[in-house]
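Novice: Next up is a structure, given as structure tokens.
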Amino acid sequence: MSETAPADGTVASAARTDAPPAILLDRVNKWFGTLHVLRDVSLAVAPGERVVVCGPSGSGKSTMIRCINRLEKHQEGRIVVDGIELTDDLRALDAIRREVGMVFQSFNLFPHLTVLENCTLAPIWVRRMPRKEAEELAMELLTRVRIPEQAHKYPGQLSGGQQQRVAIARALCMRPKIMLFDEPTSALDPEMIKEVLDVMVELAETGMTMMVVTHEMGFARQVADRVVFMDRGEIVEVGTPAEIFNDPKTDRLKLFLSQIL
Ligand code: ADP
Ligand code: MG
């Protein structure tokens, strides 16, 4: 598997489409009360694949991604993550949470813990990693997101872009197989967006399976193997970045693109 970038600046795909899917959604339906928010959503994400999800506000993007690590429960259909079906079985839930890292729009760091403590908390208490080992791993990952010098500060002392990079490092400290991102740059000032996207591009280059809700089209074009367009709880179109952005088929996608581009 090559990790060298193709000459056009895009990131070489690491997707292994012959392998069983890393994430499988099979006719998933979900309601909030009477509101039908996911309608027969089916999607298979291959190991190493990078999928970008876009669509209007309220179309169900966050709900779909939150169902994948069971922050929300679906009511119909199947979700299988790395071979584990999401059910009410708590052991399955534990296994999923260890394998799937998630990064939110609003960072969600613990404000009363230092950056280093934010990163070592779950490895020590969930993975039972010795403290010294957890701290070494955290420093390695903080170096990867280019903020090792912030390790002993508190989140409130950092910029938004730095906090989001801590959130990424913290998720990676659990050594997840899959990373989910829900609009990771939409709460950031413009000058900080790039530093977070750069870290995500590098993560993509390592072959990580990634599902990213974002409207950052440059990122999608550079990194995504496929782009999923959602509207009103449905997956309306799926294609390569070129297919989705240059050759939209449906009026709904054409309208959406006219509003964001
Ligand atoms: P998106 O991320 O695409 O903006 P969401 O998945 O957040 O969309 O929301 C999909 C729909 O579900 C919206 O109509 C939203 O108002 C509704 N919704 C989201 N979370 C809840 C909740 N916890 N309770 C009730 N309705 C919700
Ligand atoms: Mg959302």
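The values are calculated or read from the model by the stated rules, or taken from the named source; none is laboratory data. Keep in mind it's a predicted model, so treat the numbers as computed, not measured. With ideal geometry, Cβ positions are generated from the backbone for all residues, glycine too; neighbour counts draw on all protein chains shown. We work out accessible area using only protein heavy atoms, side chains counted, and drop any ligands, DNA or RNA first. Shrake-Rupley method; radii C 1.70, N 1.55, O 1.52, S 1.80 Å.
Novice: Short version: what are the Cα gyration tensor semi-axes of the stretch 152-261, square root of 5 times each eigenvalue, largest first, in whole Å?
Specialist: Square roots of five times the eigenvalues give 28, 16, 12 Å.
Novice: Quick one: work out the % antiparallel among DSSP beta bridges in the chain, nearest 5.
Specialist: 55
Novice: Continuing with this model, one more query. Which FRET efficiency value, to the nearest 0.05, do you get for Phe32 and Leu121 by plugging their Cβ-Cβ distance into 1/(1 + (r/R0)^6) with R0 = 30 Å?
Specialist: Efficiency at R0 = 30 Å is approximately 0.45.
Novice: Related question: Using the Kirkwood radius over C-alpha pairs as Rh, can you work out the diffusion coefficient of the chain via Stokes-Einstein at 20 °C, viscosity 1.002 mPa s, in µm² per second?
Specialist: Result for D is 113 µm²/s.
Novice: Something else: Taking all protein chains in place and a 1.4 Å probe, what share, in percent, of the accessible surface of the chain do carbon and sulfur account for?
Specialist: 51
Novice: What's the FRET efficiency of Lys153 with Ala187 using the Cβ-Cβ distance as r and R₀ = 22 Å, to the nearest 0.05?
Specialist: Between Lys153 and Ala187 the formula returns 0.70.
Novice: Projecting each Cα onto the charge dipole of the stretch 1-143 (Lys/Arg +1, Asp/Glu -1 at the beta carbon, about the Cα centre), which of Cys119, Thr10, Gly48 comes out farthest on the positive side?
Specialist: Final value for the positive-end residue is Cys119.
Novice: Pick from Thr143, Thr63, Thr185 the residue whose mean-square fluctuation is largest in a GNM of the chain, springs joining Cα atoms under 10 Å.
Specialist: Largest GNM mean-square fluctuation: Thr143.
Novice: What lysines sit close enough to Lys30 to cross-link, taking a C-alpha to C-alpha distance under 28 Å and skipping anything fewer than 8 places away on the same chain?
Specialist: Here the lysines satisfying the reach criterion relative to Lys30 are Lys61, Lys73, Lys177, Lys249, Lys254.
Novice: Let me ask you something else. Need one value: the accessible area of Ile260 in square angstrom, 1.4 angstrom probe, rounded to the nearest 10.
Specialist: Probe radius 1.4 Å; accessible area of Ile260 about 60 Å².
Novice: Further, regarding this structure: For the pair Thr240 and Lys254, how long in nm is the line joining their label points, each one 7 Å along Cα→Cβ?
Specialist: 2.3
Novice: While we're on this one: Just going by the charge dipole of the chain, with Lys and Arg at +1 and Asp and Glu at -1 on Cβ, which of Leu35, Pro184, Val201 is farthest out on the positive end?
Specialist: Sorting the options by dipole projection puts first Leu35.
Novice: Note down the nm distance, to one decimal, between modelled labels 7 Å out along Cα→Cβ at Asp94 and at Lys73.
Specialist: Going from the Asp94 label point to the Lys73 one covers 2.0 nm.
Novice: Enter the accessible area per residue of the stretch 1-144 (Å², integer; probe 1.4 Å; all protein chains in place).
Specialist: 52
Novice: Under 20 °C and 1.002 mPa s, how fast does the stretch 1-126 diffuse according to Stokes-Einstein, given a Kirkwood radius computed over C-alpha pairs? Answer in µm²/s, whole number.
Specialist: For these conditions, the coefficient is 127 µm²/s.
Novice: Send over a whole-number figure in Å² for the accessible area per residue of the stretch 203-257, probe 1.4 Å.
Specialist: That works out to 39 Å² per residue.
Novice: If you project the alpha carbons of the stretch 94-219 onto the principal axes, what extent comes out on each, in Å, largest first?
Specialist: 41, 32, 21
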